[in-house]
Amino acid sequence: MRLLHSQTLEFKEFFNSETTPPYAILSHTWGSDEVTFKEMRKYQKAERERVASRLPEGNDHESSVSPEIEARDGFRKIRFCAKQAVKDRLDYFWVDTCCIDKTSSAELSEAINSMFRWYKDSNVCYAYLCDMHDAVFFNEERPGSVNYNVDAMTSSLWFSRGWTLQELIAPRKVLFYTADGSEIGAKTTRGIRFAVARRTRIPSRVIRTGNLSTSSLAKRMSWAASRRTTRVEDRAYSLLGLFGIHMPLLYGEGEHAFVRLQQEIVKHSDDLSIFAWKDPRADEYLHRGLLARSPSEFEHSGNVGWDRVVMNRNLQVTDKEIKLDVALQALESSSEDYVALLPGVRGQGGLNWVGIYLRKTLEGDFTRVNVNGVVPYDDDRVLVGPGHDESDNPVGDFRTVSVRHIPILSKSSFSRVREITVTVRQITVTKAYGLEDSGRIEVRPDEGWDEESSTFHFDKLDGSGTKPTAAFISHFFPRSSVMIIPVDLGKDLEACTILNESWSLRDKKDKYDGFRCLYKNVQSGTIAKLVLTLVLRGDICALDVIITSIE
């Protein structure tokens, strides 16, 4: 851990917690002119040279050598932290902007994986609210005094950022300050604690003690649901300490960082509440795995709890799927749809287990459907089977199920896709046989078609029909009738392919689940072969057309 000396502003490194001295730590929101590690080293060198040259000493580290750095708001925060540490009789302090060499990926990874512990081990954390000034809180009825409105304080940007969540919970002592350096108060102060709890939905006892043991995984995720970070990966990386997880950083992986975080959490916990998320904006056609795409999908999980006595001994996670024990109850409306009640996961009041909707695939595994709701809050459909036992636990077919992260569906599940990508490829195309126009695709209705990405979006249609429908009209041969592929969300691939009489299946062995091989005589001795392939992965359907000419 690299610390700054509060009086000299020089760095000193400590390599284990036993030798690390007491220190203060800064919590803040980043601005556009922060001081980096490299710039701080440059400032330190200039200061040493000034002292060695016996130039006039500035006041309180202010020198004429590095005016550009000292004029920054980022440096003012460093100076504020140094002054406050001196007042608190602490020789060292830590600021993330300049105490981490972010040009070193190894050092950055180590720092982020250690950050929760660093904040927890600090003597005091200074929460610097850069958008809160004394004038906002000035009490005109009592001249010369400052009367802080704690509810106004919680409107600060600091309470909406991803990284500050752990910086609020981990330290034993957090003191809030205005941008003018005036102390507002400690997080443990009753008025501040309850105001912060209202703003963040974090229980006041967690704010006061930092004890997370009684908060379910879903509840902890819900605290991060509305928080934002500059980089999408940091929405996951900023939560590592909150769940006691260490994992490598892979900037560039996007939302997959949050998937990796959940996979690591599942490996270390029996708490199935991590699967009790929902996306209210999703339509009923969507297929998903068990893992959420972002913390935002836990926004409604703040009241989800977990009975720690319930173990899930068959819980396993791989890069492909998750296996877990659930109480499986069939829905009366479908032979393939079930409610999977998550053992030990209870909603508000703790009376019933929370459940999610699963659909059985032809391969025998399951996919999550109706992700816009969870049981019992968002559905009144009738369950088939017994109700609850004498302990008020739901009774069902208790079994181990497998749910893939990315569902691979058969054509019978085609009704669940919400958009289609189209690719036309030509192989061994000969102009003499009239194939020069074979790559043209016409799509109706055109309002759902995105030409740039070759994607048809059903959610762009006006919804006037009972089922969204798209027609892909392929002009394969200028001198022949076109082939029309109407895609209806309620039908499978075979029913969706309307062929002109000049097209035919060569034989039954060319007909497979998911693709069809179609042939047409173009000229004597020449056959055109078209392979139409549908590959369904989750809520995306890929329509791949390959055209070849066969001599």
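Considering the range 82-108, the residues that are more than 28 Å from the chain's Cα centre (by Cα) and within 23 Å of PHE159 (Cα to Cα) include one that is surrounded by the most Cβ atoms within 10 Å (Cβ to Cβ), namely PHE93. Among residues of the range 209-234 that are more than 22 Å from ASP279 (Cβ to Cβ), none has a Cβ under 9 angstrom from a residue that is among the acidic types (Asp, Glu) at a sequence gap of 6+ or on a separate chain. The combined condition, being modelled with pLDDT of 95 or more and surrounded by fewer than 19 Cβ atoms within 10 Å (Cβ to Cβ), is fulfilled by ARG2. For the range 207-244, the candidate set comprises residues that are under 13 Å from GLN262 (Cβ atoms) and in contact with a strand residue (DSSP E or B) (Cβ under 8 Å, 6 or more places away or on another chain); within that set, the residue that is most open to solvent (accessible area, probe 1.4 Å) is ARG235.
If you go through the range 109-150 and keep only what is under 23 Å from ALA195 (Cα atoms), modelled with pLDDT of 80 or more and open to solvent by 40 Å² or more (accessible area, probe 1.4 Å), you end up with LYS120, CYS130, ASP131, HIS133. The set of residues in the range 156-185 being farther than 18 Å from PRO203 by Cα, open to solvent by 10 Å² or more (accessible area, probe 1.4 Å) and in contact with a Cys (Cβ under 9 Å, 6 or more places away or on another chain) consists of LEU157, LEU175, ALA179. Identify the residue in the range 72-81 that is touching a residue at least 12 places away in the same chain (Cβ under 8 Å) and part of a helix (DSSP H, G or I) and, among all such residues, is most open to solvent (accessible area, probe 1.4 Å). That would be ASP73. Any residue at all in the range 375-387 that's assigned to a strand (DSSP E or B), among the hydrophobic types (A, V, I, L, M, F, W, C), closer than 18 Å to TRP277 by Cβ and modelled with pLDDT of 85 or more? No, the range 375-387 contains no residue that is assigned to a strand (DSSP E or B), among the hydrophobic types (A, V, I, L, M, F, W, C), closer than 18 Å to TRP277 by Cβ and modelled with pLDDT of 85 or more.
Could you please let me know if THR188 is among the hydroxyl-bearing types (Ser, Thr, Tyr), open to solvent by less than 10 Å² (accessible area, probe 1.4 Å) and under 19 Å from TYR119 (Cα atoms)? The answer is no for THR188. Taking the range 5-49 as the range and being open to solvent by less than 40 Å² (accessible area, probe 1.4 Å) and in a helix (DSSP H, G or I) as the test, the residues that pass are PHE37, MET40, TYR43, GLN44, ALA46, GLU47.
For the criterion of being surrounded by fewer than 21 Cβ atoms within 10 Å (Cβ to Cβ) and either over 25 Å from VAL326 (Cα atoms) or among the polar types (S, T, N, Q) (or both), HIS268 fails.
The values are calculated or read from the model by the stated rules, or taken from the named source; none is laboratory data. Model, not experiment: these values are computed from the prediction. Neighbour counts run over all protein chains shown; Cβ positions are idealised from the backbone, glycine included. Keep in mind that these areas ignore ligands, DNA and RNA; they rest on the heavy atoms of the full protein, side chains included. Shrake-Rupley method; radii C 1.70, N 1.55, O 1.52, S 1.80 Å.
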